[in-house]
Each structure stands twice: as C-alpha cells, then as structure tokens.
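Worksheet: the structure to be examined is printed underneath.
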Amino acid sequence: MRGACNGHRVKGADINNVEFTTTSPLRNTRFTECLIQRNALDKEGFKEWAFCPGMLFNSTEKWWGDQGKRNTRHEGLDLCLYKDRKDTILRLGEKTKVPVIYDGSVVGIIDDFLGKSVIIEHLISDGHNNRLCTIYGHTIPEDNLYVGKIVNQGDVIATLADSKMFKIRIFPHLHISLGWTSKKISYAGLDWGNIGAPDTWTFLDPLAFIDGRYLLLAREKCDPIAPGFDDPQPERDPATSATCHP
Ligand SMILES: [Zn+2]
C-alpha cells in the first residue's frame, strides 16, 4: 500500500530518457514525515530528531566508542536519536525502514563498515550538469533493490543494519549523505574511499533536507550512549525504540 508520503511518480522506465529538473523544491522533502509514517514512530509521539555533536555534517568527532576524532570529516548526518512528546530520548530500532528522499534511480550498492550504502541519483540538477545524489549508509537493502531500479519518494529501500555483531560500541543508525555529482563521476567505481573526491562530488549538509524539527544535544548529554550499548535491549516491536538515557 502506498502511503500519503509518496511523491509524484517517475514517468518512463529508462532514467536516461527522463528530463532532469532544476525546479524541484529541494527543501520540501517530507523525509522525516515518511520515516515516521513507514515505521509508525508516531505511536509514541515523535517530537523531533536529536543529534550529538559527532552526528552532524562536517563533524570531526566520533559519537561512539572512545568518542575520539574521526579520520575524516563526517560526510553526512547520522540519524539515530529522537525525542517523543514526553521528552524522552529514544533511538531508532534495528529494522527501521529507510525511505527515499526524492524520486530517482539506484546507481550503487556498496559496502560500508556496518552494512551497505545505497546510492541514488535524483532527477534534480543544479543547472550546471551536476546531479543530486543521496547515500543511505549502514543499511541492509531490500531484497528487490538493484542498480538501475527506479525509486519514488517515500519508497522503502532498506532497513538499518544491526550493529550488535560489531565489536565497536555503536547504535544502529542511518548515515545519510547528500550532494552534487558531476558528469565525470563513474558510479561503477565508487566506494567509501573515493566518494567525495574533488571534481566529482560536492557534499551538502543533510540537516537542511530532512524536513523535520531537531534538537542539538550538548556533548555531556551524549556520554551515556556508549556505555549503555552493552545493556540488554528489551524485545520490542520494530516500529518502536529503546531508550537511550535510562
Ligand atoms: Zn555517518
């Protein structure tokens, strides 16, 4: 069943024959609304996203493990924590469904350190032949997802990768990157070692595109996250989440 968060459908099966548009309202993505809807997060009352400093775009800090420095600046935004209407901070559960931010087509499914990253090229140009791409990292792609598949805004393309099996202490989360890719880019050769290489990819801050309220947490508020990771998580419906700050 298609929910109300679906956008317009892409006409035609071959994305190369589709006109790229520069007029799409980039900011009006309804991404947060779609994610809430696809995961029934409104049952508990989704109030707003919550971000530790290390979850933000361009951050040099880790928000997991030793909370030290990242090797490179953060190329995206980590969606993990949110507040309900009682102001309790919750985290996205394993199996959280990941919706697509705009219509487009899958141009890559690559490995990352927690799962897979799905790369989607959208029908949006900056007017200089650069195309908008989004990356959905630390996920398990849907079985029927493949490179070349046309996707529509709001379609679920993946679920979050479960991070429990990894030695590092980190919560399941969606890493989302958003940027302009030049015509010179070869999607076939992309991996996390070359994404963002000069002249091929210009990252934007995804915070401006998730289309939802958010709260920036002080670093001290984020400290309990790592030690709490080993606590047994109660069995819950995949649509709900476990508390982050007991
Ligand atoms: Zn990230």
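The residue that is farthest from the ligand (Cβ to nearest atom), among those in region 118-139 that are buried (at least 24 other Cβ atoms within 10 Å of the Cβ) and over 16 Å from residue 29 (Cβ atoms), is 118. Each residue in region 164-193 was checked for being among the hydroxyl-bearing types (Ser, Thr, Tyr) and in contact (Cβ under 8 Å) with a residue 60 or more places away in the chain, and 3 of them qualify. Among the residues of region 108-127, those identified as of a type outside the set (A, V, I, L, M, F, W, C), assigned to a loop (DSSP other than H, G, I, E, B) and touching a strand residue (DSSP E or B) at 6+ places or on another chain (Cβ under 8 Å) are 112, 115, 126. Within region 76-90, if we keep just the residues that are in contact with a helix residue (DSSP H, G or I) (Cβ under 9 Å, 6 or more places away or on another chain) and part of a strand (DSSP E or B), the residue that is farthest from the ligand (Cβ to nearest atom) turns out to be 84.
Checked across region 26-39, the condition of being at pLDDT below 75 and surrounded by fewer than 16 Cβ atoms within 10 Å (Cβ to Cβ) holds for at least one residue.
Determine, yes or no, whether residue 73 is basic (Lys, Arg), touching a strand residue (DSSP E or B) at 6+ places or on another chain (Cβ under 7 Å), at pLDDT 90 or above and not in a strand (DSSP E or B). No; evaluated as a whole, the condition is false for this residue. Annotation: of all residues in region 194-246 being among the aliphatic types (A, V, I, L, M) and part of a loop (DSSP other than H, G, I, E, B), the one that is modelled with the lowest pLDDT is 242. Of the candidates 93, 104, the single residue that is closer than 20 Å to residue 179 by Cβ and more than 13 Å from the ligand (Cβ to nearest atom) is 104. Looking only at residues that are within 19 Å of residue 115 (Cβ to Cβ) and surrounded by fewer than 12 Cβ atoms within 10 Å (Cβ to Cβ) in region 182-193, which one is modelled with the lowest pLDDT? Checked region 182-193; the qualifying residue modelled with the lowest pLDDT is 193. Checking each residue in region 155-172 for being at pLDDT below 95 and within 16 Å of the ligand (Cβ to nearest atom) picks out 161, 163, 166, 168, 169, 170, 171, 172. Test residue 57 against the criterion of being among the hydrophobic types (A, V, I, L, M, F, W, C), within 13 Å of the ligand (Cβ to nearest atom) and under 14 Å from the mean Cα position of the chain (by Cα), and give yes or no. It is true that residue 57 is among the hydrophobic types (A, V, I, L, M, F, W, C), within 13 Å of the ligand (Cβ to nearest atom) and under 14 Å from the mean Cα position of the chain (by Cα). Please determine, by comparing only the residues of region 94-117 that are within 14 Å of residue 189 (Cα to Cα) and touching an Asp or Glu at 6+ places or on another chain (Cβ under 6 Å), which one is surrounded by the most Cβ atoms within 10 Å (Cβ to Cβ). The residue in question is 107.
Does residue 101 satisfy being part of a loop (DSSP other than H, G, I, E, B) and not small (Gly, Ala, Ser)? Here the answer is yes, as residue 101 does meet what is asked. Taking each residue of region 58-69 that is surrounded by 11 or more Cβ atoms within 10 Å (Cβ to Cβ) and looking for partners that are assigned to a loop (DSSP other than H, G, I, E, B) and of a type in the set (A, V, I, L, M, F, W, C) with beta-carbon atoms closer than 6 Å, six or more apart or interchain, yields 63/52; 64/170; 65/168.
The values are calculated or read from the model by the stated rules, or taken from the named source; none is laboratory data. Predicted model only: the values in this text are computed from it and were never measured. Don't worry about glycine lacking a Cβ; one is built from the backbone with ideal geometry, like all the others, and counts go over all protein chains shown.
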